[in-house]
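What follows is a set of notes on a single structure, which appears directly below.
What follows draws every value from the coordinates through simple rules; no lab data is involved. Note that this is a predicted model, so its numbers are computed, not measured. Note: ideal-geometry Cβ built from the backbone for every residue, glycine included; neighbour counts use all protein chains shown.
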Amino acid sequence: MIYVFLDDPTTKRIIFELVKEVKCFDNAVEFLDGIHKESEPVVVIGGNMDIKKTIELIKTIRVSKNKAKIFVVTTSGQEFDRDTLIENGADFVVTKPFSPKLLKEKLIQPGQ
């Protein structure tokens, strides 16, 4: 199952087309409750919100000892933002526009 917390309907649609088992959330509390029901979920979060809020969400996931694989989709091509997200616990940062094929490969890597 891939858990998605994005505000971009186009990116949500792309993810739905790429993978079959997707659950979308519109608020952070429900999203966090959902992912904590699995020990190693794959999560996709939007980096379009304030980067500080994105980092706070990533840290909340990491502090919980959840072994989630965290993907951040962002419009920011700034290397600083990408590095900051990785340093704070994101596993993969994809910048729009992105290759759906690449995203699918990363989302469904063996062992996921």
Check: Points 7 angstrom from Cα along the Cβ direction at GLU56 and ASP8: gap in nanometres?
Finding: 2.2
Next item on the list: Please work out whether the chain counts as rounded, prolate or oblate from its C-alpha gyration tensor, where a ≥ b ≥ c are the square roots of the eigenvalues and a/c under 1.5 means rounded, while otherwise a/b larger than b/c means prolate and anything else oblate?
Entry: rounded
Checklist line | FRET E, pair LYS20, THR75, Förster distance 30 Å, beta-carbon r, rounded to 0.05 | finding: 0.70
